[in-house]
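A quick write-up on the structure given underneath.
FYI, it's all coordinate maths here, none of it is from the lab. Model, not experiment: these values are computed from the prediction. In this analysis, Cβ positions are derived from the backbone assuming ideal geometry, glycine residues included, and neighbour counts consider all displayed protein chains.
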Amino acid sequence: MRVIRTNAELSTVLTDTSPAFVPTMGALHAGHLALIRRASQVALLSAKPVSAKPAPVVVSIFVNPTQFGPNEDYSRYPRMLEADVAAAASAGAQIAYAPDVNEIYPQASPSNFSMPLPDVATKPGLEDALRPTHFAGVCQVVARLFDLVRPAHAIFGEKDFQQLLVIQAMVAAARDRWPDLQIIAHPTVRESDGLAMSSRNAYLAPAQRENALGLKRALDAAQSVRPEDAERIMRDVLMRHELVIDYAVVRDAKTLMPIGPSSIPPIRALIAARLGNVRLIDNAAINP
Ligand code: AMP
């Protein structure tokens, strides 16, 4: 496993290869490791000829300041590079790219790397309503990382479902910039009791940890009712778990528009809710 801290070293190591790439903010858990294992498989399966050495798996570990709002947890976000490098290696990564902020945004100039925001980033009542600068920061850092890593494949978790759609739309709108890049979606990895794994789960006090299960229980409850009743049912379950709801909605899974009587699947339920100052998100396909 090679740990790289600068763009100069990265470009030397990645000459003539198109990696399988997993962007992360670190504090790696089993969800991230599943993405890394998936990247290894993808690299192996896309080696040409099949006997050729597979492309390397690159994991970036970078807490991106521009995707955090002013009152969010940027400064206290967990940072544990040594443990992350060991975990990423155990899941099959060959390169950990852990740059300093100045490497990603030279001369402290993030705005030089701004990207147009896809429509799906600004759908009413979702992330953008509560975190208005979040997806601009995500697009900025992911575009920057794609330019530096030049991957053939990049793996993203369905855990951040709107983010996945935003990245897919960003890449589709910039095909000339990343002509061969494929975005691969990986299902949400959960604890044995159903809680979606998240680096922010570490902030939960024991009583909050129990109530955090309300998100998965709300998504499960939404499965057994008509889609038009799902939002009310989800809100009931969340409130019973003392969760403060940012949103609990059922949307068209491709456009994230509200559904109506003539909507056709796929449909997705999406939740963001808070326990104290810990904000949790989760989502699930709704199969009518
Ligand atoms: P983060 O480090 O939180 O920015 O996440 C990095 C990547 O891991 C993103 O593509 C996330 O969607 C993905 N991810 C985070 N948690 C999970 C999970 N529980 N299951 C699957 N993917 C996840």
Task: Unmet criterion (only one of (1) in contact with a strand residue (DSSP E or B) (Cβ under 8 Å, 6 or more places away or on another chain); (2) surrounded by fewer than 19 Cβ atoms within 10 Å (Cβ to Cβ); (3) aliphatic (A, V, I, L, M)) for residue 169 - done: (1)
- [ ] Inspect all residues belonging to segment 7-26 and state whether any of them is outside any helix (DSSP H, G or I), on the phi > 0 side of the Ramachandran plot and crowded, with 21+ Cβ neighbours inside 10 Å.
- [x] yes
Open item on the list: Restricting to segment 157-194, and then to whatever is more than 24 Å from residue 43 (Cβ to Cβ) and over 16 Å from the mean Cα position of the chain (by Cα), can you tell me which residue is farthest from the ligand (Cβ to nearest atom)?
Closed with: 176
- [ ] For residue 107, indicate whether it is at positive phi and not hydrophobic (A, V, I, L, M, F, W, C).
- [x] yes
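Out of the residues in segment 147-156 that are more than 14 Å from the ligand (Cβ to nearest atom) and of a type outside the set (Val, Ile, Thr), which is surrounded by the fewest Cβ atoms within 10 Å (Cβ to Cβ)? Break it down stepwise before answering.
Step one: filter segment 147-156 for residues more than 14 Å from the ligand (Cβ to nearest atom), giving 147-150, 152.
This time we only want the ones that are of a type outside the set (Val, Ile, Thr), so: 147-148, 150, 152.
Numbers: 147: 12, 148: 19, 150: 19, 152: 17.
Per the stated criteria, the residue is 147.
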Open item on the list: If I filter segment 55-62 for residues that are surrounded by 19 or more Cβ atoms within 10 Å (Cβ to Cβ), in a loop (DSSP other than H, G, I, E, B), within 13 Å of the ligand (Cβ to nearest atom) and in contact (Cβ under 8 Å) with a residue 24 or more places away in the chain, do I get at least one hit?
Closed with: yes
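Each row is one residue, and each column tells you yes or no for (1) assigned to a strand (DSSP E or B); (2) of a type in the set (A, V, I, L, M).
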residue	(1), (2)
238	no, yes
242	no, no
256	no, yes
262	no, no
265	no, no
269	yes, yes
281	yes, yes
285	yes, yes
Task: Sole exception among (1) surrounded by 16 or more Cβ atoms within 10 Å (Cβ to Cβ); (2) closer than 30 Å to residue 169 by Cα for residue 211, by number - done: (2)
